[in-house]
Amino acid sequence: MKAKELVEEYLDSGHGCCPGCAMPIVLRTAFQALGGQTIAVITAGCFGTISGTFPASPIKLAAYNTPFPSTGAAGSGVRAALDSKGDTKTTVITIAGDGGTFDIGIQALSGAAERNDDYIFICYDNEAYMNTGIQRSSATPWGAWTTTTPSANLKNQPKKDIVQIMAAHRIPYMATASIAYPEDFIHKIKKAKETRGFKFIYAFSPCPVGWRFPAELTIRLARLAVQARVFPLYEVEEGERYTLTVEPEGIPVNEYLKPQGRFAFLREGDLERIQENIDRGWKRLMNRMMSRTD
C-alpha cells in the first residue's frame, strides 16, 4: 500500500474493550470518515469507560466526557462554542450507547434534534446496559435474556423504535449503519458531515459478552442481522424520504438468533412470533419507501 493510501487512525489499539466488541469498530470507522478536525462528546457507557480512563485514553481526537443524561445537551454546547468563535469547519460528534440514547439521554437528544443543532449524534446499539452488568434497556429485543430479564421472565416488551422517534423530529438526515458493510457506513458518515443541521447515525453493535456468542462471530452476526431484516440499512431525509441502501436476502430470523445464547430460552411459538414481527416491520419500511416524497 502506498503511503498516500494509508488512513489516519484516531482510535488506538490496546484499549479496554472486550474481545470481539463491535463498538470500537463502529467508532474507528466513524472517526476515519470524519477526520482529525473533529470534537467527540462521549457519554458514560462502554466507550466512556475506556476513553476517559486516567491517565491514558485510546482516542486521538479532542474529546469531552459528559454524564449519562447530557450527551445531546453537551453536543449542543460544544457546537455553540465553536460557532461563537466563527469555527464552522470543526465537526462535532456525540457518542452514546442505547442506554444513553433510548433511555437516559432521550430528553437531551430530543431537544437537540428539535432545535436542529448542527452536529452528528451516533448511537452504538448493543441492546442492553452492558458495562454495568447486562441489564435490559428499551433497546433490548422481545424474548431476549438479560440479567434483569432472566430465563423465567424474558423481555416481554418490544424494542423501542428509535429510528421512527428521530424521523418524527424531521431532522435533515439520519441513517442506520453496520460494521459488516463498511463502505455503506463510511458513505453515511461523510454524508452526515456534509449535511447542515442535526444528524443521527444509528449503528448496530453486537456484544459477545451480553449476547452470549463467541467473539469471532461479531462481523458475521452484524451481517446476519441485516440479511434477516432485523436491522435494515437505509437513510431518512427530512423525516420523509426513505432510501434503502443495502438489499437484504430475507433469510429466516433463526439464522441470526441461533448463535446467540441470549435467545436460548425462547418458548414454543416464540420464534414464529419474532419472525412475524420482523416481516411486519419490513413491510412497514417498504411502504414508507414507496410513499417517499422528493
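The values are calculated or read from the model by the stated rules, or taken from the named source; none is laboratory data. Remember, it's a predicted structure, so these values are computed and weren't measured experimentally. Cβ: placed from backbone, ideal geometry, glycine included. Neighbour counts: every protein chain shown.
Pairs linking a residue in segment 3-27 that is of a type in the set (Phe, Trp, Tyr) to a residue that is at pLDDT 90 or above, with Cβ atoms under 6 Å and 6 or more positions apart or on different chains, are TYR10/PHE31; TYR10/LYS60; TYR10/LEU61.
Inspect all residues belonging to segment 103-116 and state whether any of them is closer than 19 Å to ILE201 by Cα, of a type in the set (Asp, Glu) and buried (at least 22 other Cβ atoms within 10 Å of the Cβ). Checking segment 103-116: not a single residue is closer than 19 Å to ILE201 by Cα, of a type in the set (Asp, Glu) and buried (at least 22 other Cβ atoms within 10 Å of the Cβ). Of all residue pairs spaced 6 or more apart or on separate chains, those with beta-carbon atoms under 6 Å, a first member in segment 51-72 that is among the hydroxyl-bearing types (Ser, Thr, Tyr) and a second member that is modelled with pLDDT under 95 and assigned to a helix (DSSP H, G or I) are SER57/SER51.
Among the numbered conditions (1) of a type outside the set (Asp, Glu); (2) in contact with an Asp or Glu (Cβ under 7 Å, 6 or more places away or on another chain); (3) crowded, with 20+ Cβ neighbours inside 10 Å, the only one that THR43 does not meet is (2).
Confirm whether THR140 is buried (at least 21 other Cβ atoms within 10 Å of the Cβ) and part of a loop (DSSP other than H, G, I, E, B). When the stated conditions are applied, THR140 passes them.
Listed by first and then second residue, the pairs with beta-carbon distance under 7 Å, at least 6 apart or on different chains, first residue in segment 146-170 and assigned to a strand (DSSP E or B), second surrounded by fewer than 17 Cβ atoms within 10 Å (Cβ to Cβ), are THR146/GLN135.
Assigned to a loop (DSSP other than H, G, I, E, B), touching a residue at least 40 places away in the same chain (Cβ under 8 Å) and under 30 Å from GLU114 (Cα atoms), is that true of VAL230? Yes, satisfied.
Only a single criterion out of (1) more than 18 Å from TRP145 (Cα to Cα); (2) under 15 Å from the mean Cα position of the chain (by Cα); (3) surrounded by 21 or more Cβ atoms within 10 Å (Cβ to Cβ); (4) of a type outside the set (S, T, N, Q) is not satisfied by PHE198, namely (2). The residue that is surrounded by the fewest Cβ atoms within 10 Å (Cβ to Cβ), among those in segment 168-191 that are farther than 17 Å from THR94 by Cβ and charged (D, E, K, R), is GLU183.
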